[in-house]
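Colleague: This is the structure I want to talk about, given as structure tokens.
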Amino acid sequence: MGAVVALIAVLMVMLSGLSVGLVRDGVSGLQNLPVTSFAFAHGVQHDSAFSRSVVDTSAVDAWRAQPNVADATPFGNTLINGRTDGGVEVDLALFGVTADSFLAPEVSQGERLGTPDGIVVSPTALDAGLKIGDVVTVDRVGTRMRVVGVTMQQDTFGHVDVAYVPLALWQEVKSGTAPGRAVPEKAKQEITAVAVRAESGKSVDLAAGDAAAGTESLTLSDSFGASPGYTAETTTLQLIQGFLYVISALVAGAFFAVWAIQRKQEVAVLRALGASTGWVLRDALTQAFLLLTAAVAAGVAVGVALGAYVAGSGAPFALSGSSIVAASVGLVVLGLLGAGAAVLRVTFTDPATALGGNR
């Protein structure tokens, strides 16, 4: 029984790490942005807002004028394929921001945004072959961008490395304007969304802001669903984890049902000697708790060791202490519920059974 519970715990740790890793790989670029909400185009589909939304830059001023808004700034988003001068093919999620805005990232290496063609990339892009000083040419458009810095932490969007670019350069790429040609005036007025930051400790009336700016807002956490594949991945893993919890309760319940039946005569003797139903139940649950706790602890230890190995292989996997603790507690609690349901019936055994009253 301990081995079975331990194996379930190992699987739960691995699924937890995969879930956290996929979320981080899918939306860490958004998670790291110091915003409270995004204002997209009115009526845009929420599951594809970042790819479909087009907002006029005039909406930025409308949002800045709203109560409790500390700041609002343009934000652009698009996915591109490119190639470095060294022949390395890269995929990047371009985040178009103004260099003096609160969206401009801090850097761990190199320079911050400032030069017209300079970009700041996620450190995970270095693993893909990029390095500071490389020039990336955007496929089909021909726009050339020079890597000048690296962000402080992993920034990815839709499992693609993020590159922060000046807003004007993003508008050039988004509009498909060839190098050396002027960006159309219409394209200069278009952004993906307005990034809004609320004042500390205060909330913004999103409905009022949308009415004034003609936009449709999503909170930062709600905007994660607009990242490619985010909703499908998280829903699938949550369903699998839910089924594992149910299975763990059923496995524990089935085992302790057999265990309780085997002890039926002993329980009857205890009852005949004066043990109360509560005492017998507590005795059984204490033994179940010790078994479940030891097995889960062993399984978690193996799962963490295995997870550390997987995380080092480059897979979208990340161990989270809070997730592991929550999963461990869930396994023990559900196992106790299953054990309690199985043992409860036996605790009501008639004491006469121990005295041969059933013969």
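The values are calculated or read from the model by the stated rules, or taken from the named source; none is laboratory data. None of the values given here were measured: they were computed from a predicted structure. Every residue, glycine among them, receives a Cβ derived from its backbone with ideal geometry; neighbour counts consider all protein chains shown. Accessible surface areas use protein heavy atoms only, side chains included; no ligands, DNA or RNA. Shrake-Rupley method; radii C 1.70, N 1.55, O 1.52, S 1.80 Å.
Colleague: How many angstrom lie between the Cα centre of the range 227-304 and the Cα centre of the range 52-122?
Modeller: A separation of 50 Å, based on Cα centres.
Colleague: Using the alpha-carbon atoms, what tilt in degrees (0 to 90, nearest 10) does helix 2-31 show relative to the longest principal axis of the chain?
Modeller: 20 degrees
Colleague: In the chain, what percent of the accessible surface is made up of carbon and sulfur (1.4 Å probe, ligands and nucleic acids excluded)? It would help to have the intermediate numbers written out before the result.
Modeller: Working: 9880 of 16830 Å².
Ligands and nucleic acids excluded, carbon and sulfur reach 59 percent.
Colleague: Right, here's the next one. Rounded to the nearest 5, what % of the DSSP beta bridges within the chain are antiparallel ones?
Modeller: 80 percent
Colleague: A further question on this structure: Viscosity 1.002 mPa s, temperature 20 °C: what is the translational diffusion coefficient of the range 214-355 from Stokes-Einstein with a Kirkwood Rh over Cα pairs, rounded to a whole number of µm²/s?
Modeller: Numbers: Rh = 18.3 Å.
My calculation gives 117 µm²/s for D.
Colleague: I would also like to ask the following. Once the Cβ-Cβ distance between ASP61 and ALA168 is put in as r, and R0 is 22 Å, what FRET efficiency do you end up with, to the nearest 0.05?
Modeller: Values: r = 18 Å, r/R0 = 0.83.
Between ASP61 and ALA168 the formula returns 0.75.
Colleague: Please give the contour-minus-distance gain from SER51 to GLU266: 0.36 nm per residue of separation, less the Cα-Cα distance, rounded to one decimal in nm. Mind dumping the intermediate values first?
Modeller: Details: separation 215, 0.36 × 215 = 77.40 nm, distance 6.74 nm.
Gain on stretching SER51 to GLU266: 70.7 nm.
Colleague: Related question: With a 1.4 Å probe and all protein chains left in place, how much accessible area per residue does the chain have, in Å²?
Modeller: Using a 1.4 Å probe on heavy atoms only, each residue of the chain averages 47 Å².
Colleague: Could I have the simple spin-label model distance between ILE132 and ALA308, label points 7 Å from Cα toward Cβ, reported in nm to one decimal?
Modeller: Between ILE132 and ALA308, the label points sit 3.1 nm apart.
Colleague: For the range 55-193, rounded, prolate or oblate, judged on the Cα gyration tensor with a ≥ b ≥ c (square roots of eigenvalues), a/c < 1.5 rounded, else prolate if a/b > b/c?
Modeller: oblate
Colleague: Assuming R0 = 35 Å, what is the FRET efficiency of THR219 and VAL246, from their Cβ-Cβ distance, to the nearest 0.05?
Modeller: 0.65
Colleague: Nearest 10 degrees, 0 to 90: what angle lies between the long axis of helix 321-347 and the longest principal axis of the chain (Cα atoms)?
Modeller: 30 degrees
Colleague: Quick one: if the Förster radius is 30 Å, what FRET efficiency do LEU290 and THR235 give, using the C-beta to C-beta distance and rounding to 0.05? Before the final figure, lay out each step's value.
Modeller: On the way: r = 36 Å, r/R0 = 1.19.
Step by step, r from the Cβ atoms, then E = 0.25.
Colleague: May I ask for the net charge around HIS42, where only other residues with Cβ less than 9 Å from the Cβ of HIS42 are counted and Lys, Arg are +1 while Asp, Glu are -1?
Modeller: Residues close to HIS42 contribute a combined charge of -2.
Colleague: Can I ask one more? Let me know the shape class of the range 100-157, please: from the alpha-carbon gyration tensor, a ≥ b ≥ c as square roots of the eigenvalues, rounded when a/c is under 1.5, otherwise prolate if a/b is greater than b/c, or oblate.
Modeller: Details: a/c = 1.68, a/b = 1.23, b/c = 1.37.
Oblate shape, in that a/c is at least 1.5 and b/c is the bigger or equal ratio.
Colleague: Please say if the range 26-114 is rounded, prolate or oblate, where rounded means a/c under 1.5 for a ≥ b ≥ c the square roots of the C-alpha gyration tensor eigenvalues, and otherwise the choice is prolate for a/b larger than b/c and oblate otherwise? Present the calculation step by step, with values, prior to reporting the outcome.
Modeller: Details: a/c = 2.23, a/b = 1.44, b/c = 1.55.
Oblate, since a/c reaches 1.5 and b/c is not below a/b.
Colleague: Can I ask one more? So what J values fall out for the range 169-180 if you push phi through Karplus, 6.51 cos²θ - 1.76 cosθ + 1.60 with θ = phi - 60°, rounded to Hz, Gly and Pro as x?
Modeller: These are the phi-based 3J(HN,Hα) values: 5, 4, 5, 5, 5, 4, 7, x, 6, 5, x, x Hz.
Colleague: Still on this model: Compute the signed sum of charges (Lys and Arg +1, Asp and Glu -1) over the other residues within less than 11 Å, Cβ to Cβ, of LEU206.
Modeller: Numbers: positive: none; negative: ASP205, ASP210, GLU216, ASP222.
For residues surrounding LEU206, the net value is -4.
Colleague: Another one. Once amide H atoms are placed 1.01 Å from N in the peptide plane, what residues at a sequence separation of 5 or more from THR215, or on another chain, have their amide H within under 5 Å of its amide H?
Modeller: Excluding prolines and chain starts, which carry no amide H, there are no hits.
Colleague: Could I ask something else about it? Take LEU344 and SER200, extend 7 Å from each Cα along the Cα→Cβ direction, and tell me the distance between the two endpoints in nm.
Modeller: For the pair LEU344/SER200, the computed spacing is 5.1 nm.
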